[in-house]
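> Submitted below is the structure of interest, expressed as structure tokens.
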Amino acid sequence: MTGFLLSWYHKNKEISVLVEGKSMEIILKEINRALARVKEEDWQTLGQLIAKPGRIFVAGAGRSGMIGRCFAIRLRHLGKESYVAGESICPPVGKKDTLVVISCSGKTKSTLGFAQTAALAGSRVVTITAHPDSPLASLAHQVIFIPEGPSRQFAHSLFEQVAFLFLEASIQRYRCAQRIPTRLMARRHTNLE
């Protein structure tokens with residue numbers, strides 16, 4: 001038998017499961033099932049956001065924040081002016097700007113703070129969340145729903161995987177629609193690695 005032992009703690013009790021070689025199949029099925037639940041209008045919302053003039057700010061905490069950073073990099077590759085909220089070189093957000101906030105729960109304090117600040121500054125707030133009835137969603141002008149389950153993975157892994165693929169695919173859709181060659185994007189890639 002091939003596989004490995006996966007262990008975690010839930011309510012102070014260790015839970016162990018023997019994971020066989022089918023883990024990747026399970027994860028890919030979950031991702032495909034979740035992506036199929038993303039509405040076409042949400043794909044269009046993100047495409048319109050990318051096409052809109054103005055700066056795009058991205059915010060998220062933890063792994064959602066890392067996914068947001070990936071999105072901000074790709075926006076730069078497209079030639080968009082993008083920033084990661086909370087960074088020391090991030091300029092103030094303003095009326096012609098958009099803040100994209102990624103949060104599975106929609107309750108993370110730091111992301112709520114970024115959304116409140118952006119809304120007070122007159123910026124458009126777009127939330128990507130698994131909870132369209134969350135406090136973060138109530139601050140947003142537009143809510144993009146990314147399902148987080150059902151899943152056999154730990155915590156919010158499925159949400160994070162699907163959010164990443166949704167954002168990457170949205171960049172690709174926009175790139176193809178605008179006929180932006182990858183060689184042009186490559187010229188905008190950093191040389192300070």
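Every residue, every condition in (1) more than 11 Å from the chain's Cα centre (by Cα); (2) closer than 22 Å to residue 39 by Cβ, yes or no:
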site	(1), (2)
101	no, yes
107	yes, no
110	yes, no
113	yes, no
129	no, yes
148	yes, yes
155	yes, no
162	no, yes
171	yes, yes
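> Only residues in region 167-183 that are over 19 Å from residue 146 (Cα atoms) and surrounded by 15 or more Cβ atoms within 10 Å (Cβ to Cβ) count as the first member; pair them with residues that are at pLDDT 90 or above and among the aromatic types (Phe, Trp, Tyr), Cβ under 8 angstrom, at least 6 apart or cross-chain, and list the lot.
Qualifying pairs under 8 Å: 180/174.
> Given the criterion small (Gly, Ala, Ser) and farther than 16 Å from residue 145 by Cα, identify the matching residue among 82, 103.
Being small (Gly, Ala, Ser) and farther than 16 Å from residue 145 by Cα holds for just one of 82, 103, which is 82.
> Considering every residue within region 122-142, establish whether at least one is under 21 Å from residue 69 (Cβ atoms) and of a type in the set (Asp, Glu).
no
> On the basis of being out of contact with any Lys or Arg (no Cβ under 6 Å at 6 or more places or on another chain) and within 19 Å of residue 42 (Cβ to Cβ), does residue 125 make the cut?
Yes, satisfied.
> Still on this structure: For a quick check of your reading of the model, give me the residue pairs whose first member lies in region 123-143 and is in contact (Cβ under 8 Å) with a residue 40 or more places away in the chain, whose second is small (Gly, Ala, Ser) and surrounded by fewer than 21 Cβ atoms within 10 Å (Cβ to Cβ), with beta-carbon atoms closer than 8 Å and at least 6 apart or on different chains.
123/94
> Go through region 135-147 and give me each residue that's buried (at least 21 other Cβ atoms within 10 Å of the Cβ) and closer than 18 Å to residue 162 by Cβ.
Scanning region 135-147 gives 136, 137, 143, 144, 146.
Let's see how each residue does on (1) out of contact with any helix residue (DSSP H, G or I) (no Cβ under 6 Å at 6 or more places or on another chain); (2) under 21 Å from residue 75 (Cβ atoms); (3) modelled with pLDDT of 95 or more:
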position	(1), (2), (3)
102	no, yes, yes
113	yes, no, yes
125	no, yes, yes
146	no, yes, no
149	yes, no, no
153	yes, no, no
172	yes, yes, no
181	yes, yes, no
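> Cβ-Cβ under 6 Å, sequence separation 6+ or interchain: first residue in region 96-119 and free of Cβ contacts under 8 Å to residues at least 40 places away in the same chain, partner surrounded by 24 or more Cβ atoms within 10 Å (Cβ to Cβ) and assigned to a helix (DSSP H, G or I). Which pairs?
Going by the 6 Å Cβ cut-off, the qualifying pairs are 106/136; 112/136.
One line per residue, one yes/no per condition, for (1) closer than 14 Å to residue 163 by Cα; (2) among the basic types (Lys, Arg):
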{"position": "42", "(1), (2)": "yes, no"}
{"position": "51", "(1), (2)": "no, no"}
{"position": "55", "(1), (2)": "no, yes"}
{"position": "78", "(1), (2)": "no, no"}
{"position": "129", "(1), (2)": "yes, no"}
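> Which members of region 44-76 meet the condition of being at pLDDT below 95 and surrounded by 20 or more Cβ atoms within 10 Å (Cβ to Cβ)?
Those that are at pLDDT below 95 and surrounded by 20 or more Cβ atoms within 10 Å (Cβ to Cβ): 46, 49, 50.
The values are calculated or read from the model by the stated rules, or taken from the named source; none is laboratory data. In this text, all values refer to a predicted model and were calculated from it rather than measured experimentally. For neighbour counting, all protein chains shown are included, and Cβ atoms are generated from backbone atoms with ideal geometry for every residue, glycine included.
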